[in-house]
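Colleague: Below are the structure tokens for one structure; questions will follow.
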Amino acid sequence: MALTLPKMALMNAAGVLDETPIHLGLLMDSHSDSVVIKSATILPRYGNEEPRLRVYYSDGSLTSLNSMGLPNLGYENYVGMISEMRSYNPKKHITASISTAPDPCKNSCENPEKHSAVGQYSTLFDAFQETDVDMIQINLSCPNIKGKPPVGNSPETVEEVLSKLNYKKPWSVKVAPYNTDQDMFKEVVDIVLKYKPNAVVTINSVPLCMDVNVATRRKTIRPNDGYGGLGGAPVLNVALGEVNRWYKEVKKRKLDTEIVGCGGITGAESALKHIMAGASHLEIGTWLLAEGPQVFAQLKRDLFSWRNDSGVEDWDAIIGIVERNPEVAEMIKAYETPKKS
Ligand code: RRO
């Protein structure tokens, strides 16, 4: 099924302001084009111990560090909210997000099969497919489950999961940055794109990052020995590399899969970098956390005024333009290379 999203749709990054009905209501009222619901698991979860989230300026750059640990109300609660969200604003595109968790049955399982990664994703995917959501995002990249690497770090599990789902609605995958493991990137790209998702969302937060509070001389978050997922301005260039690499893989295979750029968008300039690298939709995380849902109206206004001023008639003309402009890239390189006098 085709995506029903207009080009250059703006939405919250999964996990930001999307866990409770009050938060979802604020997003429904915002100028976002889609509302993404917090990644849902089989059972409700409190998540990791606090403090588990920091949003701060690091030498002037808006940054976030989180080890939330998948706090969510459990899929049955979100399934129950969707018809109300739909009737509140019938035009808003709604995306459900799903994730596995360890011990979904709290060790009292009579049917362990059902609680394997495949079993969990299938249950969640089927449940949201029965609702009125427009898209289902399969989160393969939660970095913050103690002792459990993200599912997307195991190409075999990704294959097993994607091969078993019964696709009826538009769907996407949310992936981790693979910039430090080229072999894994190649394997995961081949598997994911074989199943022709409607969209690939890249990147999730950058795992195993840490911050230090200089005043207290301590790590700033508690779970996982202080390590968590980094977001905000410092991850922009990692995200641009990943958006561009996925974009090229999609084009190579002549697929319709769209790239949703996520990571380091804190204004129109970083958003335009994502678009020119290959993103046709954008997810906002840290900036939304810091400044609230008005960021969607601000970004939309600034992007459209840039497009007007630049005489760009439609977004397609500019999405992935860096790939069609190699000679310009060369020109810029020559211009920027410092010359010895
Ligand atoms: O809840 C989290 O700790 C979390 C998730 Br599920 C995710 O996908 N990405 C992230 O940075 N945090």
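Each reported figure results from applying straightforward, stated rules to the coordinates on display, with no laboratory input. Only a predicted model underlies this, so the values are computations on that prediction, with no experimental measurement involved. Using ideal geometry, Cβ is built from the backbone for each residue, glycine included, and neighbour counts are taken over all protein chains shown.
Colleague: Answer with one residue from Q182, T202, W171: the one whose Cα lies farthest towards the positive end of the charge dipole of the stretch 171-212, charges on Cβ with Lys, Arg +1 and Asp, Glu -1.
Modeller: Checked the options; the winner is W171.
Colleague: When you count, for each residue, the other Cβ atoms within 10 Å and take the mean per peptide, how do 39-49, 308-318 rank with the highest first?
Modeller: Packing proxy ranking, top to bottom: 39-49, 308-318.
Colleague: Once you have a ≥ b ≥ c as the square roots of the Cα gyration tensor eigenvalues for the stretch 145-282, tell me rounded if a/c is under 1.5, and otherwise prolate or oblate according to whether a/b is larger than b/c.
Modeller: Here the stretch 145-282 falls in the oblate category.
Colleague: Rounded to whole Å and ordered largest first, report the semi-axes of the equivalent ellipsoid of the stretch 99-220 derived from its Cα gyration tensor (root of 5λ).
Modeller: Taking √(5λ) for each eigenvalue gives 27, 20, 15 Å, largest first.
Colleague: Continuing with the same structure: More than 38 angstrom separation, counting every C-alpha pair in the chain; what % is that?
Modeller: The answer is 13 percent, as a whole percent.
Colleague: In the P(r) worked out for the stretch 1-54, what percent of Cα pairs fall beyond 15 Å?
Modeller: In whole percent, the share of Cα-Cα pairs in the stretch 1-54 beyond 15 Å is 58.
Colleague: Quick one, what does Rg over Rh come out to for the stretch 242-297 if you take C-alpha atoms and the Kirkwood Rh?
Modeller: Reported Rg/Rh, Kirkwood definition of Rh: 1.05.
Colleague: Placing +1 at every Lys and Arg Cβ and -1 at every Asp and Glu Cβ, with all other atoms neutral, what dipole size does the chain have around its Cα centre, in debye to the nearest 20?
Modeller: Magnitude of the dipole: close to 420 debye.
Colleague: So what does the Cα-only Debye profile of the stretch 251-341 read at q = 0.21, 0.24 Å⁻¹, as log10 I(q)/I(0), no solvent term?
Modeller: Taken in order of the listed q values, log10 I(q)/I(0) reads -1.09, -1.24.
Colleague: Taking just the C-alpha trace of the stretch 1-159, give me its Rg and Dmax in Å.
Modeller: So, for the stretch 1-159, Rg and Dmax equal 16.2, 52 Å respectively.
Colleague: Explain nothing, just the number: relative contact order of the chain, from Cα pairs under 8 Å at least 6 residues apart, as a whole percent.
Modeller: Contact order relative to length: 19 percent.
Colleague: Under 19 Å Cα-Cα from K254, which lysines qualify once same-chain neighbours fewer than 8 residues away are excluded?
Modeller: Here the lysines satisfying the reach criterion relative to K254 are K7, K186, K194, K196.
Colleague: Using the 10 angstrom Cβ neighbour count as an exposure proxy, how do T95, T4, T216 rank, fewest first?
Modeller: Lowest to highest Cβ neighbour count: T216, T4, T95.
Colleague: Among rounded, prolate and oblate, which fits the stretch 161-242 when a ≥ b ≥ c are the square roots of the eigenvalues of its C-alpha gyration tensor, a/c under 1.5 means rounded, and a/b larger than b/c means prolate?
Modeller: In terms of gyration-tensor shape, prolate.
Colleague: Please work out the C-alpha center-to-center distance from the stretch 182-219 to the stretch 12-32 and express it in whole Å.
Modeller: Cα centres, the stretch 182-219 to the stretch 12-32: 22 Å.
Colleague: Express as a percent, rounded to the nearest 5, the fraction of DSSP beta bridges in the stretch 31-160 (both residues included) that run antiparallel.
Modeller: 50
Colleague: Shifting gears a bit: Please figure out what share of the DSSP beta bridges in the chain is antiparallel and state it in percent, rounded to the nearest 5.
Modeller: That works out to approximately 35 percent antiparallel.
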